[in-house]
1. Would you mind telling me which numbered condition in (1) open to solvent by 50 Å² or more (accessible area, probe 1.4 Å); (2) more than 30 Å from THR111 (Cα to Cα); (3) among the β-branched types (Val, Ile, Thr); (4) modelled with pLDDT under 90 VAL78 fails?
2. Counting only residues that are open to solvent by less than 70 Å² (accessible area, probe 1.4 Å) and either more than 21 Å from VAL78 (Cβ to Cβ) or free of Cβ contacts under 8 Å to residues at least 40 places away in the same chain (or both), how many does segment 36-48 have?
3. What number of residues within segment 6-30 satisfy the criterion of being farther than 24 Å from SER71 by Cβ and exposed (fewer than 11 other Cβ atoms within 10 Å of the Cβ)?
4. Let me confirm something: among ILE33, ILE51, ILE86, which residue is open to solvent by 50 Å² or more (accessible area, probe 1.4 Å), in a strand (DSSP E or B) and on the phi < 0 side of the Ramachandran plot?
5. Among the candidates LEU59, LEU16, single out the residue that is at pLDDT below 90, more than 17 Å from ALA4 (Cβ to Cβ) and of a type in the set (A, V, I, L, M, F, W, C).
6. Please give the helices (runs of 4 or more DSSP H) falling wholly within segment 90-129 in which 1 or more residues are in contact (Cβ under 8 Å) with a residue 24 or more places away in the chain and open to solvent by less than 80 Å² (accessible area, probe 1.4 Å).
7. Can you list residue pairs whose Cβ atoms sit under 8 Å apart, with the first residue in segment 58-75 being within 18 Å of ILE86 (Cβ to Cβ) and hydrophobic (A, V, I, L, M, F, W, C) and the second being outside any helix (DSSP H, G or I) and open to solvent by less than 80 Å² (accessible area, probe 1.4 Å)? Count only pairs 6 or more apart in sequence or on different chains.
Amino acid sequence: MCLARALKAIEAWRLLIHHLSYDIWCQFGVKLIQRFTTYFPDLVPVVEKLIGAIPKLHLVNHKTDCQYCFSYNYQKGVGRTDGEAIERFWAEANLYAASTKQQNGGHRHDTLDDMMGDHNWRKIVAMGK
């Protein structure tokens, strides 16, 4: 459901190819087209364009077959991507858990959105250094 909403939101059908990073892509991608055919048939053409990979840090814990089939090192068009960008933020995000767990949904969303915006701003400003 989450992937379907994301693909709809970004109008992914306009892209020729889509790269997707997921810790367990070797399992998740197995029957993905079958699941989308059942639940989201309008998105099947988009899902057929997906090329999944396992982030490099997580890849070492997978079987050798997975390491060859789902490594960013063997995919065209991704450069030196490691697929771990989303993971780098968790240590900082965990600091906000105690203060947001008692908030209602809207307030929590706003707080986390502000926190992530601040994180991205500090990252961009420090990039030149």
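1. If we test VAL78 against (1) open to solvent by 50 Å² or more (accessible area, probe 1.4 Å); (2) more than 30 Å from THR111 (Cα to Cα); (3) among the β-branched types (Val, Ile, Thr); (4) modelled with pLDDT under 90, just (1) comes out false.
2. Keep residues of segment 36-48 that are open to solvent by less than 70 Å² (accessible area, probe 1.4 Å), which gives 36, 40, 43-44, 46-47.
Filter again for either more than 21 Å from VAL78 (Cβ to Cβ) or free of Cβ contacts under 8 Å to residues at least 40 places away in the same chain (or both), leaving 36, 40, 43-44, 46.
Qualifying residue count, segment 36-48: 5.
3. Initial filter on segment 6-30 (farther than 24 Å from SER71 by Cβ): 8-11, 13-14.
With the extra rule that they be exposed (fewer than 11 other Cβ atoms within 10 Å of the Cβ), the set shrinks to 9, 11, 14.
Of the residues in segment 6-30, 3 are farther than 24 Å from SER71 by Cβ and exposed (fewer than 11 other Cβ atoms within 10 Å of the Cβ).
4. On the way: ILE33 fails: in a strand (DSSP E or B); ILE86 fails: in a strand (DSSP E or B).
It is ILE51.
5. Numbers: LEU59 fails: at pLDDT below 90.
So the residue among LEU59, LEU16 that is at pLDDT below 90, more than 17 Å from ALA4 (Cβ to Cβ) and of a type in the set (A, V, I, L, M, F, W, C) is LEU16.
6. Details: elements: 90-94, 97-100, 105-126.
Correct list: 90-94, 105-126.
7. LEU59/PHE70; LEU59/SER71; PHE70/GLY52; PHE70/ALA53; PHE70/ILE54; PHE70/HIS62
Conditions (1) of a type in the set (A, V, I, L, M, F, W, C); (2) under 13 Å from the mean Cα position of the chain (by Cα), marked per residue:
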position: ARG14; (1), (2): no, no
position: LEU20; (1), (2): yes, yes
position: LEU32; (1), (2): yes, no
position: TYR39; (1), (2): no, no
position: GLU48; (1), (2): no, no
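The values are calculated or read from the model by the stated rules, or taken from the named source; none is laboratory data. Every value quoted in this text rests on a predicted model; they were computed, and no experiment measured them. Quick reminder, even Gly has a Cβ in these numbers, built from the backbone with ideal geometry, and neighbours come from all protein chains shown. The accessibility values were calculated without ligands, DNA or RNA, using every heavy atom of the protein model including side chains. Shrake-Rupley method; radii C 1.70, N 1.55, O 1.52, S 1.80 Å.
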